[in-house]
Structure formats: C-alpha cells, structure tokens
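The structure is given below, and queries will be raised subsequently.
The values are calculated or read from the model by the stated rules, or taken from the named source; none is laboratory data. Treat the numbers as computed from the prediction; the structure is a model and nothing was measured. Neighbour counts are summed over all protein chains in view; Cβ atoms, including those assigned to glycine, are modelled from backbone coordinates with ideal geometry.
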Amino acid sequence: MKKGIQMKLNVRPVYLALVHNYFFEGPCRMAPTEQLTPEFESMAQAQMSKYFIEDVNAHLENDPLIHIMDPIYVVRDDEMTYSEEMFETITKDNENVDLYLFALQMVRGDIVVEVAERTNKPVMIQPQTCCMYARTISHVRAHGKEGYTNFYWEDAVKQMHALRLRKVMAHTNILQVVRMGEVAGSDITSNAFYNQHEVTRILGTRFRAVNIHEILDQFRPGDPMANHTTPGRMGLNPTEEDQKEIEKITDELIEGANEVGLQRDKILISVRMWYIVQKFLKKYDCNAFVAPCPQFCATRRANEEQVTFCLTHSLNNEIGIPSACEADAIAALSMQLLTNASGCSTYMGETNPMVYDHGIARAPYSPLTQEDLPNDDWKEGNIESEQNLMFTFHSVSNRKLRGLDGPDSSYGIQPFAYSGWGATMRNDFKEDKGQVITMCRLSPDCSKLFVAKGTIMGGAYKSCPNCTHTVIFQVKDNRDFYEKQIDFGQHIPLTYGDCADELKLFAKSVGLEVVEA
C-alpha cells in the first residue's frame, strides 16, 4: 500500500467553450461585429483554453503534491442544450479524478453543477474568475455537492492540499498491535477512538489488528514454521539475508550518531523489531502503525526480549509512516495529517503546560522536576522565565523533523531501560530554537480537530533513559491550550512549519469542528 506521502491529488482541468451557430447580437452577446461569427468564436475559445491551461500549469505543475491530468475541452452551442457525449468526455477516467477544475464563463455553470451531481466529486472554479463563481458554486452546494471557489491561486492551492489530506486519510490503513481485544491500548479513554467504525465512515481510514505475541514470536530468528503462537504456519521471521540488512542498518545508525549510550547488540535488537514490523505492515497492507506500551510491559516480554517499540516508531516516522506509542491510534492519524501537510516527520508525547512559581517556569510532572530544572541546560537563554510554555516528552524523535526529503538532523542513541536496552533516538531540540511548529489531534469521537501553533524554545534530557526526551515550546496562551486540550487527549503530536490553514480546510471538508488554541 502506498504511504500517504506518495499520494497526489489528481486534478482534471476542464475548459467549457461556448460557440454560437449563428451570427447575431443580443442581451448576452455583445462584441464588435467581426467577432460574432462562429469561425472567430471557435478560434477565440481555443486560444482562451490555451491560456487556461497555461495558468493551471504555472500554479500547479511544480507542486509535488498535485498531479495535473490531461485537460478536457468541450463545446456548448447557443441552443444551450446538453448531450451525453459531452458529459462522457468530461468524466472520462472519473474513477481517477479527485477534483474537477473548471474555466468558467457565462451560461456554462449548469454544466458544472451536473458534473458534480453525476460524479460526486468536488469541483472548483479557476481562481480570479469574474461573475460566475458565486452563482455556480452556490447551486453546487445547494444540490448537496462539493464546490470550491477562491479568488487567489494561493488559496486554491491550499484547498487542493486539504483535499489531498482527505484522500490520504481515506487511503490509510492502520496496523494496531493488540494484546487482549479489538481496540488497542490499555487506556481507551485517551488513546483509542470511541468508535472505529465511525472513524471509517467519516475519514475512510481502516483498522487492522495483530496480536503482540505473534509479532514477538516472529521477530526472533528461527524456523518460520515453528513459532509458538502460529505453529505450522509460515511466519515472517528474519532470514539470513534479513539479518545482514539489519546489521548494516544498525551500523549506519551508530556511525551517524553523535552520542551512543548502549551496546551495538542491544541496538541491533531494536532495529530487528523495526525490520519485522515492516514485514507485517506489508502483509496487512497498512501504512500507519501503533503498538501498546503498558500491555506490552505487562507481558514481561519486553524485559525478556530486551526491546521496546521506540526505535520502530522513530524509523517509521522518518520514512513517512505515522507510528505512535501507547497504542494511540488517534495520535497516529493526527500524525498522518501533520506529516502530509508539512512534508516533515512528527514528534509525539505527553504534552503539558509549564506552571509558574514566583514567575519561574516549573514542570509539574516528571521528567522535568523542580530539582532537575535549575541544573539542566534547557535554561540557556533564560527561557525558564518565559511565559506560556508547554513541553512534550517521549523518546520517539527522528532525523527528519526538518523535512522528509532533507538532510538528517544530528541525533544520539540512548537506552529506554536504565539497565541499557531498548534503543531510542534523541535530537537536541535547542538546535531548533525559534522553529515554528504546528500541532493537531482528532477527538476520541472523531467529531473535532484540535489545531495549535507554537515556537520551540529549547529541549532537555536528550541523554537520559526512559520517556524523558523533551521539547519545550511557547504557545499563544497555555491556559487556553490546556482547557481545550482536555477534550482531545494527552498526546498532541507536532511537526515543524506552519500548516494550520491546510488542517483547518481539511477539517471543514470532512465535517469536523475545528478547535484552535
């Protein structure tokens, strides 16, 4: 299955020409006499169609998120009638079209309305079009169909990007590692959707499940027919060739790190887990992933196998596969939105506001304690006295926060467990001080989308084990953030850049209420 980042919005440009059969003047036909002949009109309409396509190409051709389909040119005559052939021409390959983009002038809006009715696909009017945009789109919407019009191309492109987000979500299958039930996770009140079937109805996203013991059995090298949970069934256990690739990836990770806090063999185990998860994603045809933490821990197999899913999430996210801790499917789908809106990977974790004691910021909960903060290097720049600070901590950062297609950022590798196992990837968020970030999270009932923006102020605990890796950022009003976050959950994923407009347009296109902080 394609990753979300590999999907493009297919836009079909359509030019609706009007060519009169006869030479005459009238209340809606006003031009110098020589321009009223059918021959002149045919020539003029062909030329205007050329200008339309040039305009479309100028604004969309170099956009990596949009694919311009072959343009369609159809002619209506002055009888103002319809023909099935005309609609068959316009809707050719309709199953591949995501958006019809029309050039529109007088007495052709009814065709746009009927195309919307026939195809159930969104339609859009070419930006900076005079006179017909409102009367046409108002009828499209009155007919219960989807229509858009934007005065500027910049806004039209944002709308297209939002429609692409909708396409990505509709083509997302999320693989949930479960232990005891259909819904992944131990704390369903915060990490799982209230009703996954409702999410499928609204977004199109589908959910697949695999038991954690099957993954743990098959992540070990050995006879693929002799796994304890699936005896006699061919498993996905690593082959000798797989093992060579796993060792190569491990060595490359170690070589690129500026700090390594655990032994190679322990890192290799975590890389092997990521590698086997890729096999499961392929088998189940999924492009998103979540795994439980408390339920996994409770089996004692994490301790037995000396592995966590932390590095799996990091390596997934930096190749455009949204991947979330604590079986948080809500976070994973929110990360899918963020990655595809920003072109950057994401970071997720426990998101909390700083509290203030005599004007000094203090974290109300571990890992940032009052005892730790005064001696921690996050204080450089005196940000401890800044107002409206928030912090997010987990241990699932990655090298592509600045862009999936860009160079790797600096990173270290540290253990999750204090005894030295469970590889995690760590960034120095102080390097990105001043970076604007966008955050979002779907609500548990999939009726709302939380959207916020902030600015990175620093970081902490890049070398400490466990879920400690912290990014500190400033928001407009952390009290407001806190009050609104309560309806959405603890994990508020973030991405670099400002993509809030696209997220809000996406929410509107699928009927979600936007809550901004």
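With over 21 Å from the mean Cα position of the chain (by Cα) and either assigned by TED's automatic domain parsing to the domain that holds Thr200 or part of a loop (DSSP other than H, G, I, E, B) (or both) as the only criterion, which of Thr424, Thr495 stands out?
Of the residues listed, the single one that is over 21 Å from the mean Cα position of the chain (by Cα) and either assigned by TED's automatic domain parsing to the domain that holds Thr200 or part of a loop (DSSP other than H, G, I, E, B) (or both) is Thr424.
Shifting gears a bit: Looking at Gly458, Gly489, Gly454, Gly422, which is the one that is in contact with a Cys (Cβ under 8 Å, 6 or more places away or on another chain), among the small types (Gly, Ala, Ser) and surrounded by 18 or more Cβ atoms within 10 Å (Cβ to Cβ)?
Within the list Gly458, Gly489, Gly454, Gly422, the selection yields Gly422.
Considering every residue within the range 243-253, establish whether at least one is in contact with a Phe, Trp or Tyr (Cβ under 8 Å, 6 or more places away or on another chain), over 30 Å from Met169 (Cβ atoms) and crowded, with 19+ Cβ neighbours inside 10 Å.
Yes: the range 243-253 contains one or more residues that are in contact with a Phe, Trp or Tyr (Cβ under 8 Å, 6 or more places away or on another chain), over 30 Å from Met169 (Cβ atoms) and crowded, with 19+ Cβ neighbours inside 10 Å.
If I ask for residues that are within 30 Å of the chain's Cα centre (by Cα) and under 24 Å from Glu88 (Cα atoms), which ones from the range 119-137 would you list?
The answer is Thr119, Asn120, Lys121, Pro122, Val123, Met124, Ile125, Gln126, Ile137.
When you go through Ile437, Ile456 one by one, which is the residue that is free of Cβ contacts under 8 Å to residues at least 60 places away in the same chain and of a type in the set (A, V, I, L, M)?
Answer to the selection: Ile456.
Taking the stated definitions as given, is Val123 modelled with pLDDT of 90 or more and either in the same structural domain as Ala156 (by TED's automatic domain parsing) or surrounded by fewer than 17 Cβ atoms within 10 Å (Cβ to Cβ) (or both)?
yes
Condition (residue is at pLDDT below 70, more than 19 Å from Ala452 (Cβ to Cβ), out of contact with any Pro (no Cβ under 9 Å at 6 or more places or on another chain) and outside any helix (DSSP H, G or I)) applied to the range 336-356: is it met by at least one residue?
no
What do you reckon, is Thr81 in a loop (DSSP other than H, G, I, E, B), farther than 17 Å from Leu505 by Cβ and among the hydroxyl-bearing types (Ser, Thr, Tyr)?
Spelling it out, Thr81 is indeed in a loop (DSSP other than H, G, I, E, B), farther than 17 Å from Leu505 by Cβ and among the hydroxyl-bearing types (Ser, Thr, Tyr).
Of the residues that make up the range 66-85, is at least one outside the structural domain of Ser342 (by TED's automatic domain parsing) and either under 18 Å from Asp155 (Cβ atoms) or touching a Phe, Trp or Tyr at 6+ places or on another chain (Cβ under 6 Å) (or both)?
So far as the range 66-85 goes, yes, one or more of its residues are outside the structural domain of Ser342 (by TED's automatic domain parsing) and either under 18 Å from Asp155 (Cβ atoms) or touching a Phe, Trp or Tyr at 6+ places or on another chain (Cβ under 6 Å) (or both).
To continue, here is another question. Within the range 86-109, can you find the residues that are in contact (Cβ under 8 Å) with a residue 24 or more places away in the chain, over 16 Å from Gln159 (Cα atoms) and charged (D, E, K, R)?
Asp93, Arg108
While we're looking at this one, here's another question. Considering only the range 44-61, I want to know if a residue exists there that is within 25 Å of the chain's Cα centre (by Cα), of a type in the set (A, V, I, L, M), at pLDDT 95 or above and not assigned by TED's automatic domain parsing to the domain that holds Arg208.
Looking for residues that are within 25 Å of the chain's Cα centre (by Cα), of a type in the set (A, V, I, L, M), at pLDDT 95 or above and not assigned by TED's automatic domain parsing to the domain that holds Arg208, one finds at least one in the range 44-61, hence yes.
For a quick check of your reading of the model, give me the residue pairs whose first member lies in the range 495-508 and is buried (at least 22 other Cβ atoms within 10 Å of the Cβ), whose second is of a type in the set (Lys, Arg), with beta-carbon atoms closer than 9 Å and at least 6 apart or on different chains.
Filtered contacts from the range 495-508: Tyr496/Arg402; Glu502/Lys158; Glu502/Arg164; Phe506/Arg164; Phe506/Arg166; Ala507/Lys448.
Read through the list (1) outside any loop (DSSP other than H, G, I, E, B); (2) in contact with a Cys (Cβ under 8 Å, 6 or more places away or on another chain), then give the number of the only condition that Glu326 fails.
Going through (1) outside any loop (DSSP other than H, G, I, E, B); (2) in contact with a Cys (Cβ under 8 Å, 6 or more places away or on another chain) one by one, Glu326 breaks only (1).
Restrict the check to the range 379-387 and report whether at least one residue is touching a Lys or Arg at 6+ places or on another chain (Cβ under 6 Å) and among the polar types (S, T, N, Q).
No - not one qualifying residue is present in the range 379-387.
Tell me, please, whether a residue that is surrounded by 18 or more Cβ atoms within 10 Å (Cβ to Cβ), modelled with pLDDT under 95 and of a type in the set (Gly, Ala, Ser) can be found in the range 104-112.
yes
What number of residues in the range 427-460 are under 20 Å from Leu253 (Cα atoms) and in a loop (DSSP other than H, G, I, E, B)?
Total satisfying the criteria: 2.
Across the range 292-319, what is the total count of residues that are at pLDDT 95 or above, surrounded by 21 or more Cβ atoms within 10 Å (Cβ to Cβ) and not aromatic (Phe, Trp, Tyr)?
11
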